[in-house]
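> The structure's right below; bear with me while I get my questions together.
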Amino acid sequence: MQFIHLLYYLWASRKQLTAFTQTQENQYTERERSTVVWLSQLMLGFYVLTFLALAFLILSPWLGLYIRELDFLYVIPMVVLTYLISYRSFQHVSLFQRIETPEPQPADNRNGKKYEKSALTPEKALQLKERVKDYMQSEKPFLNNELTLRGMAQELAIPPYQLSQLLNEHFGKSFFDFVNSYRVEEVIDYMTREQRRKVSLLEAAFACGFNNKTSFIRYFKKLTGQTPSQYFKAR
């Protein structure tokens with residue numbers, strides 16, 4: 001019965017996480033993506049341990065391997081996982097900071113018409129597109145590694161769902177891709193400016209808004225077709 005309860009809670013948690021990830025790409029930035037990855041890894045660890053323990057309990061009597069005095073061994077993997085969670089928590093305190101709830105979008109998803117009821121007209125979208133370009137170039141909000149779609153929309157004084165629509169339809173990018181494309185370009189400029197000081201690529205990435213190495217390399221390669229090391233060695 002305990003295993004049934006545990007499996008149910010794991011399934012329910014996975015369902016909630018999946019529902020979150022369906023909206024988070026256009027709503028959040030790097031910290032929230034790190035949170036999702038970490039939670040997915042955590043749940044995978046619990047799944048593996050649960051199924052291994054369940055399989056052992058079912059099969060051990062048949063195989064003659066069950067020894068009651070060794071019941072404590074079941075606890076060891078859970079203890080190890082708990083210590084790993086604690087270690088990860090101290091390394092990444094930001095994982096436990098509050099994540100904002102995304103704004104509801106007045107969209108009709110039937111027949112693929114996602115923005116059918118949007119108030120963003122083509123004329124307004126063109127004007128807003130120029131505002132966004134000017135804002136990104138002059139204010140450089142992407143340098144803030146905690147930048148969110150909601151925060152950026154507030155600065156531009158527009159609803160978050162309209163900004164999301166603008167990025168999707170008129171820039172052809174998700175919020176993640178849009179913001180990180182500016183960060184990659186800033187890294188290239190930063191490394192060019194700081195050649196004499198011989199800064200590291202990771203230092204440049206952090207200075208330009210990235211907050212982890214994996215995202216930096218992934219988006220850099222996505223935009224340039226090369227890893228950061230390959231790109232700067234070729235220059």
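> Within the stretch 115-201, which trypsin sites (Lys or Arg not before Pro) sit in a loop by DSSP and count at most 11 neighbouring Cβ atoms inside 10 Å?
Hits after loop and neighbour filter: 117, 196, 197, 198.
> Along each principal axis of its Cα atoms, how long is the stretch 120-234 end to end? Whole angstroms, biggest number first, please.
46, 24, 21
> I've got another one for you. Would you mind computing, in nm to one decimal, how far apart the modelled labels at residue 119 and residue 18 are, each placed 7 Å from Cα along Cα→Cβ?
Result: 3.5 nm between the two label points.
> What residues from the stretch 124-167 fall in the zone where the backbone N is under 15 Å from a label point 7 Å along the Cα-to-C-beta line of residue 194?
Answer for the stretch 124-167: 143-145.
> Identify, among 171, 190, 231, the residue whose Cα sits farthest towards the positive end of the charge dipole of the stretch 120-234, taking +1 on the Cβ of Lys and Arg and -1 on the Cβ of Asp and Glu, with the dipole about the Cα centre.
So the residue furthest toward the plus end is 231.
> Still on this structure, please answer the following. Could you pull out the pairs from 129/173; 140/173; 15/173; 133/198 whose alpha carbons sit more than 21 Å apart here?
15/173; 133/198
Values quoted throughout were computed directly from the atomic coordinates according to the rules given, and no laboratory measurement underlies them. Given the structure is predicted, the values throughout are model-derived calculations rather than measurements. Cβ atoms come from the backbone with ideal geometry, glycine included; neighbour counts cover every protein chain shown.
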